[in-house]
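Please read the structure below before turning to the comments.
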Amino acid sequence: MWVNPEEVLLASALWMTERANPYFILQKRKGHGDGGGGLAGLLVGTLDVVLDSSARVAPYRILYQTPDSLVYWTIAHGSSRKEITENWEWLEQNLLQTLSIFENENDITTFVKGKIQGIIAEYNKSHDIREDDDTDKFKEAIAKFRKLFIMPEEEKLVNYYSCSYWKGKVPRQGWLYLSINHLCFYSYLLGKEAKLVIRWADITQLEKNATLLLPDMVCVSTRCSEHVFSVFLNINETFKLMEQLANIAMRQLLDNKGFEQDRSLPKLKKKSPKKVSALKRDLDARAKSERYRALFRLPKDEKLDGHTDCTLWTPFNKMHILGQMFVSTNYICFTSKEETVCSLIIPLREVTIVEKADSCNVLPSPLSISTKNKMTFLFANLKDRDFLVQRISDFLQQTTSKIYFEREITGSLSSSDDEVYSQQGSALSCSPQRSALSSEGERDRQFNLNESRVPTATQALMTMYRRRSPEEFNPKLAKEFLKEQAWKNHFTEYGQGVCMYRTEKTKELVLQGIPENMRGELWLLFSGAINEMATHPGYYEDLVEKSMGKYNLATEEIERDLHRSLPEHPAFQNEMGIAALRRVLTAYAFRNPNIGYCQAMNIVTSVLLLYAKEEEAFWLLVALCERMLPDYYNTRVVGALVDQGVFEELAHVYVPQLYDCMQALSVISTISLSWFLTLFLSVMPFESAVVVVDCFFYEGIKVIFQLALSVLDANIHQLLSCKDDGEAMTILGRYLDSVTNKDSTLPPIPHLHSLLTDNRDPHPEVDIFKLVRISYEKFGSIRADVIEQMRFKQRLRVIQAIEDTTKRNVVRTIVTETPFSIDELEELYTLFKAEHLTSCYWGSTSNPMSRHDPSLPYLEQYRIDLEQFKVLFALLFPWACGTHTDDLALRVFRLLDHNADALINFREFISGLSVLCHGDLTEKLKFLYKIHILPVKKMHTPDYRMYLRLWNQETKAKLENMKDLPKLNQSQFIELCKTLYNMFSEDPNEQELYHATATVTSLLLEMGEVGKLFCSPAHKTDEDEDDEDDRIPACRSKQERTRCKPCDVETNSCVTGPLEDIKLEDSSPKDTAMSSAMLISDDETKDDTSMSSYSVLSTGSHELDDKLQCEDIAEDTVLIRNGGPYAGAGHHGKAGLPHSASIDKDWAITFLQFLASVLTEQALVQYFEKPVEISGRITNAKNVRKVGHQHMSLSDYEISLSD
């Protein structure tokens, strides 16, 4: 291919000249191809790999040089001699004569460079090649990657790194290529290649380790092998990228969400020397955005634009605090270098003024940001302040236009011009007092979102059903009052609402307990739910209206659990509380059908409704399920299982003396699910558990881990003496029941968990605030980033364990239905699933989401479409052979697709494979017969569905239902013959089988002709036709009966659709009254390979007919009878044709006739009775790599697939 001219100083270094003329030189790289230059060639090849030379991909090149110059220019390179020769010939024919005209060498050079660049530009324009973001250096790497590992263009390379791969005890220096779906390694050392390809979806463990010999190494484990890589230039960058790509693969396994590249990133300069891809920058940006969102509890779609070091003036302590400013589409955030000193979140919807203040020595490059609640934030020491202000200004304009649009949608344009940032429906703003959030009329507004007779909760249920103690004022109420005053003072000093300064003082107040009447407000604030609610006005009301009256599995489960949600609380002992809970849970199930509803959501939501309004409770639930407890409440509670594994790791680190005992008793796995899923609400007294929820909304999941470790630590001696898990559960249950909140102003609520404890004396009371403080003192060193690292490790383990469980359950379900062994079924399932996954990222004709639904029964979770089935059919099915394979795969697919949804599950797949590998003669012939009964073109004709319903009712092969099979008409018989002839093309007994097939075919032709004499439609009366029409399954109405009448009514089938219109090759008329014998010589068959494909039963030319007419019958020939107007063998493959141009619609045969005919030929009997060994086919399939629609065997492409 032509390339932009690049200067080369040493033309002959490591290259050999093959052709030359006065201006151009064609060269080949040493060490490439046959006789690659001996030791020198091996060294060159090794250097090319180690030094990442492009010559490994393009070993041919063309150089341009003027006669008197020592400088050469590369103008073309090629991966093959053919490619480079085309460029060379074009130069000789089009440029050589022209160059001789020029007198000045500089003019020649300018002309050649301009010509080459013009060719490249024209090629790009004609082939619609768009400019991309990748640098030239990285494009070379992409070309290498695709050539070395034979990957399609859909497989995107992210980055590549130099490293060593330990193959046994020998390190192989080479390059590690990380693409979206694969980890690949390539090494070439002194003539020896090493290649490795591993799917990210197959990785079960990914760890960064260190030993004395290898201080930095990465271990990659799959189910069957372990691979070690070392000697990285930047192991941290490499490992982070590997983690990110493995996470994407796990997400795909979990919910089938594929990777989509972000095209909104700024572009790099084309000549940038950095070998960084647009995808790598995309993934880096995603990782930074994820950390940013987690740090400040922002919505899931928020993207970080950039961050910079700065200082923030904090008025509460009159200091300039060093930290970082983060700017994103809708927020400006700040966090101090010391994590707990100060953090700040400023939504752009609240910003009124952004201005640059005057610089001075004390305060260089200051920036002032004012908000609607009269708070002003002063940042200083900003680098490139002008650019930052411009970015913030751009985002403010987008925010303003977005708010105008939302206000137009909601019809609320009555606000004054100075309130353009306010949004109707937001629950909290940055106003100093919450009473100023809305008018009294707004607060008391009633949304009758359900039915008019059901009252709707317009405030927190706790305020409506608060039960006061008999005393009007007691010490508990006094303490509650003091807490409220402390928070109000805090708001005065640090600000209130989302723009509040969050400091160590804020954390101290949370740990002391949030006052009852402020809980909902602060939960919204600390969880970040306030932002989503403020930016989605009216969303909840619309969702409730849309979900009204709709029923599905989620709503059924919700109805079942409604009365089990805090039944001891008076708020849920009447219809108002139950109806509010129903609306919130149902609305969320419709918002996120991937989760729908999961047990434990009802308990958490009921507590949210006690302290927050209905809409606020909904957004708190969104924050919990989608951000703070990711994947906790899906159908397989993956998130909770992941955190269970994290808890086990933390227990091993922080309470090692207890860890072994707890593992032996399997207690950790038992307790952690109930503790984490309900945030201790189901195992602690209610008034104590809400204190845990307070801390959770402020600090996140680390609080739950800290508290769980504290509970274990407090009971360490009793647990060590336990003999079984029941005793350990009792000890922990009694302890948690004794956790009390002495500050609670609520009367004690009976706790259901206490019923599980024994009848011993109650455990001494444990103060919840003291327990929380101890958890911070002993285990407060647990960091959020460490938890995320542990979560990644456990997520790999959990999701792969779920996949293994799914495989075992599928195999266990069908092992009794098939003669395949358990090991064979597991291998087949792995291939089946791998084919599905491949189509998800390399394209398919159907939507992957429709083929993978984890909520379905195990057998239905993975389904494949026709294109995927064709690949597996060619690899595994014994009848796959030759060019006829795809057509046969289509027929088999439609037979196996029992519900006619164009997808088949694993059971259907195995049912067909079992018949072909282990079925007896009758079963295989019956299968072959059935696949040719179905219509050829249309997949959803009435005949197709009718036949599938009929055959699905069969429980086993019986002689009786053989008679029930429809007859085979002439066009279907033709296709059956084609299939038979193609089936034998690679069999050792090919010729014998061809001749046997010819005999059987001839016999069946005569049977069909004879059958016509007994069932001619011309002799039927109208009454006969009406009676017989009733027996045609495909006919449902008078119109259909009319259409079916031309068919042979005894066939219980009719040729509909395109089959009636099939036209076949015409031939010259023959004497149809004459019966002749046709002879095919073995010698002729062997010589004519084209004829051996379809030996007989084809319309042929005169010439071919004459060739087949013989007068002498030799011993090595086979007699074939012709019962009527049918020609002999031909090379066009149209079997059994009459000499007229259309199909004989009265001709038909039955399955019994087909079976009896086959039984007359021993060669065919032996072929169909021969069992097929599936293990060899499985091994071959595992060694074949799919590239588009091509397949390469291990001999073609030397590759190690995780073995």
Test: residue in the stretch 366-383 that is part of a helix (DSSP H, G or I), at pLDDT 90 or above and farther than 23 Å from residue 287 by Cβ: no
Unmet criterion (only one of (1) open to solvent by 10 Å² or more (accessible area, probe 1.4 Å); (2) at pLDDT 90 or above) for residue 800: (1)
Residue count for the stretch 321-331, restricted to those that are in a strand (DSSP E or B) and either open to solvent by 10 Å² or more (accessible area, probe 1.4 Å) or over 15 Å from residue 381 (Cβ atoms) (or both): 7
Residue selected from the stretch 332-371 under the condition free of Cβ contacts under 8 Å to residues at least 40 places away in the same chain and under 16 Å from residue 498 (Cβ atoms), by the criterion least open to solvent (accessible area, probe 1.4 Å): 369
Which listed residue is part of a helix (DSSP H, G or I) and modelled with pLDDT of 95 or more, from 618, 647: 618
Residue check, residue 595 within 33 Å of the chain's Cα centre (by Cα) and either over 30 Å from residue 498 (Cβ atoms) or in a helix (DSSP H, G or I) (or both): no
Single condition residue 734 does not satisfy, out of (1) touching a residue at least 40 places away in the same chain (Cβ under 8 Å); (2) more than 26 Å from residue 798 (Cβ to Cβ); (3) open to solvent by 40 Å² or more (accessible area, probe 1.4 Å): (1)
Residue match in the stretch 956-971 (condition: assigned to a helix (DSSP H, G or I), surrounded by 15 or more Cβ atoms within 10 Å (Cβ to Cβ) and modelled with pLDDT of 80 or more): yes
Number of the exception - residue 162 against (1) of a type in the set (Ser, Thr, Tyr); (2) in contact with a Phe, Trp or Tyr (Cβ under 9 Å, 6 or more places away or on another chain); (3) over 25 Å from residue 277 (Cβ atoms): (3)
Residues (touching a Lys or Arg at 6+ places or on another chain (Cβ under 8 Å) and either of a type in the set (Phe, Trp, Tyr) or in contact (Cβ under 8 Å) with a residue 24 or more places away in the chain (or both)) located in the stretch 201-216: 202, 204, 205, 206, 207
First in the stretch 17-32 and surrounded by fewer than 20 Cβ atoms within 10 Å (Cβ to Cβ), second anywhere and at pLDDT 80 or above and among the basic types (Lys, Arg), Cβ under 7 Å, 6 or more apart: 18/28
Tally, over the stretch 664-704, of residues that are within 20 Å of residue 637 (Cβ to Cβ), in a helix (DSSP H, G or I) and of a type in the set (S, T, N, Q): 4
Residues of the stretch 294-320 classified as open to solvent by 50 Å² or more (accessible area, probe 1.4 Å) and touching a residue at least 12 places away in the same chain (Cβ under 8 Å), total: 9
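The values are calculated or read from the model by the stated rules, or taken from the named source; none is laboratory data. Because the structure is predicted, anything quoted here is derived from the model rather than measured. Neighbour counts are summed over all protein chains in view; Cβ atoms, including those assigned to glycine, are modelled from backbone coordinates with ideal geometry. We work out accessible area using only protein heavy atoms, side chains counted, and drop any ligands, DNA or RNA first. Shrake-Rupley method; radii C 1.70, N 1.55, O 1.52, S 1.80 Å.
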